[in-house]
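Here is the structure we will look at, set down as structure tokens.
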Amino acid sequence: MKRSLALFVFFTFPLHAEMRVSTDFDGGNAEVVKLDQASQTVRIMPKLHEARGWPCWWYLKLEGLTLGRPVQLQVQAQTKPFRDSTVLPAAWSQPKHAWLSSDGTSWTPSEAGARGDDKTMTYTLRPKTQSLHVAWGPPFLPADAETLLAELTATLPASKRFELSKTRDGRAVHGIRIGDDKARHQVWIGARQHAWETGGSQVGRGFIRWYASDEAKTLRAKTCLHFIPIMDVDNVALGAGGKEAVPRDHNRDWADAPIYPEVAAAQRMISEIHQKHGLDAYIDLHNPGANDPIFFFGPFAFERMTGTQQRNYSRWIELAAENITSPYPVEPKYRFATYVTDEEERSRMSSGWVRKHTGDFTLSVTLETGWNSPLMSVEGYSNVGIGLGRALRDYLEEDPRRP
């Protein structure tokens, strides 16, 4: 009798654990619309952070998974307007592949998603562990920036870490200076003025690791590099998009009176660098639209440039095309941000501000790295950064300051 009772109790245990969704970590973002345990389906949309820009980034952790039992992750657009009456189109939050990690460190693409008639994208996940991190793209968070900067100071003990500023929410924006501050060439490279554009930091990590390698030893000997892995630290930590924040985002805040302390601090440092030594290059790292490749935004006045300016911008795009070839080549011609038609707004874009406040020999460009492909893994982004470093090496070798 006791044995029969024991068997009965054993067989009444549930066959499957309860699937759970969590986002309570840096960069976490998902608003659960529906969770169906029976079909193992979870439907989400990016959570809207009021006044914090585009609701496109999402990053969640699934727990209580059953090995070998597929999970259907459905992603829809946020239904609320992020600014005035504007609702963000679904394409920004629906990459072709979700990105998966069992440990939050190593990331691989999922199977290609399937877009349904109801404007959702469904990703079929086949978990091999009981918990799974799932994200819009391979994340790069403040903790990753800290790890990277610590790695660089260990590799290059003469490098100098610095705090650019505290953000409006009190977080630190960190950077690193590599090289003699009186070096012949001065360069500023930064990423993530738009928080959702995680590929910018991934490219930056690939670049700076190359820059710290033996291959870049000659370049380091004559260059002082200032590197910022994340500018919009607040929105990266919150999992907010940042772009088109209210009243403006970081890349539209390069005005006479910026609202973001980190932008004001960058302006002061860049101005000081140029006044003392001259700034050779400013490169801002971004991600573009869903169907865009790898390309550079150039200056609106490119066709009217003459002399040193024309020579340097023309030579840069040539060298970039020669060196940035993996995982696919950069476009060999500049694009121009013609969608920005207001001259006042153009004057507040960082690359334009730098051109206005530096010299004719200064190169100021934006690198836009396409993201909507399984090739744009951590390694793929890193390869773009390596190519960027080699282009910079060849460019400075020719000395952009020469007559």
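The values are calculated or read from the model by the stated rules, or taken from the named source; none is laboratory data. Here the structure is a predicted model, which is why all the values come from computation and not from measurement. For neighbour counting, all protein chains shown are included, and Cβ atoms are generated from backbone atoms with ideal geometry for every residue, glycine included.
Here's the yes/no breakdown for (1) in a loop (DSSP other than H, G, I, E, B); (2) at pLDDT 95 or above; (3) surrounded by fewer than 22 Cβ atoms within 10 Å (Cβ to Cβ):
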position	(1), (2), (3)
L15	yes, no, yes
D24	yes, yes, yes
G27	yes, yes, no
V32	no, yes, yes
L35	no, yes, yes
A38	yes, yes, yes
H49	yes, yes, yes
W54	yes, yes, no
K61	no, yes, yes
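Has the stretch 227-238 got at least one residue that is surrounded by fewer than 22 Cβ atoms within 10 Å (Cβ to Cβ), more than 17 Å from the chain's Cα centre (by Cα) and not basic (K, R)?
Checked against the condition, which is being surrounded by fewer than 22 Cβ atoms within 10 Å (Cβ to Cβ), more than 17 Å from the chain's Cα centre (by Cα) and not basic (K, R), the stretch 227-238 yields no hits at all.
Return only the number of the condition from (1) surrounded by fewer than 22 Cβ atoms within 10 Å (Cβ to Cβ); (2) not assigned by TED's automatic domain parsing to the domain that holds H226 that A150 does not satisfy.
Failed condition: (2).
Quick one: is Q72 in contact (Cβ under 8 Å) with a residue 40 or more places away in the chain and closer than 22 Å to D292 by Cα?
Against the criterion (in contact (Cβ under 8 Å) with a residue 40 or more places away in the chain and closer than 22 Å to D292 by Cα), Q72 does not qualify.
Only residues that are over 18 Å from W136 (Cβ atoms) and buried (at least 23 other Cβ atoms within 10 Å of the Cβ): list them for the stretch 367-385, please.
L367, V384, G385
Among (1) in a helix (DSSP H, G or I); (2) over 18 Å from D292 (Cα atoms); (3) in contact with a Ser or Thr (Cβ under 7 Å, 6 or more places away or on another chain), which single condition is V384 missing?
It is condition (2) that V384 fails.
Out of (1) part of a loop (DSSP other than H, G, I, E, B); (2) surrounded by 14 or more Cβ atoms within 10 Å (Cβ to Cβ), the odd one out for S106 is which?
(2)
Go through the stretch 338-354 and report how many residues are in contact with a helix residue (DSSP H, G or I) (Cβ under 8 Å, 6 or more places away or on another chain) and touching a residue at least 24 places away in the same chain (Cβ under 8 Å).
Number satisfying all stated conditions: 9.
Pick from the stretch 152-194 the residues that are part of a helix (DSSP H, G or I) and in contact (Cβ under 8 Å) with a residue 40 or more places away in the chain: which of them is farthest from Q267 (Cα to Cα)?
T155
Going by the structure shown, is G204 within 14 Å of G389 (Cβ to Cβ), out of contact with any Ser or Thr (no Cβ under 6 Å at 6 or more places or on another chain), crowded, with 24+ Cβ neighbours inside 10 Å and of a type in the set (G, A, S)?
Considered against the rule, which asks whether it is within 14 Å of G389 (Cβ to Cβ), out of contact with any Ser or Thr (no Cβ under 6 Å at 6 or more places or on another chain), crowded, with 24+ Cβ neighbours inside 10 Å and of a type in the set (G, A, S), G204 comes out as yes.
To keep it simple, each residue is scored yes or no on (1) outside the structural domain of I228 (by TED's automatic domain parsing); (2) surrounded by 19 or more Cβ atoms within 10 Å (Cβ to Cβ); (3) under 30 Å from P95 (Cα atoms); (4) free of Cβ contacts under 8 Å to residues at least 24 places away in the same chain.
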| site | (1), (2), (3), (4) |
| --- | --- |
| R268 | no, no, no, yes |
| H274 | no, yes, no, no |
| N287 | no, yes, yes, no |
| E318 | no, no, no, yes |
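One line per residue, one yes/no per condition, for (1) in contact with a strand residue (DSSP E or B) (Cβ under 9 Å, 6 or more places away or on another chain); (2) polar (S, T, N, Q); (3) at positive phi:
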{"position": "S271", "(1), (2), (3)": "no, yes, no"}
{"position": "H274", "(1), (2), (3)": "yes, no, no"}
{"position": "Y282", "(1), (2), (3)": "yes, no, no"}
{"position": "P288", "(1), (2), (3)": "yes, no, no"}
{"position": "P299", "(1), (2), (3)": "yes, no, no"}
{"position": "T308", "(1), (2), (3)": "no, yes, no"}
{"position": "N312", "(1), (2), (3)": "yes, yes, no"}
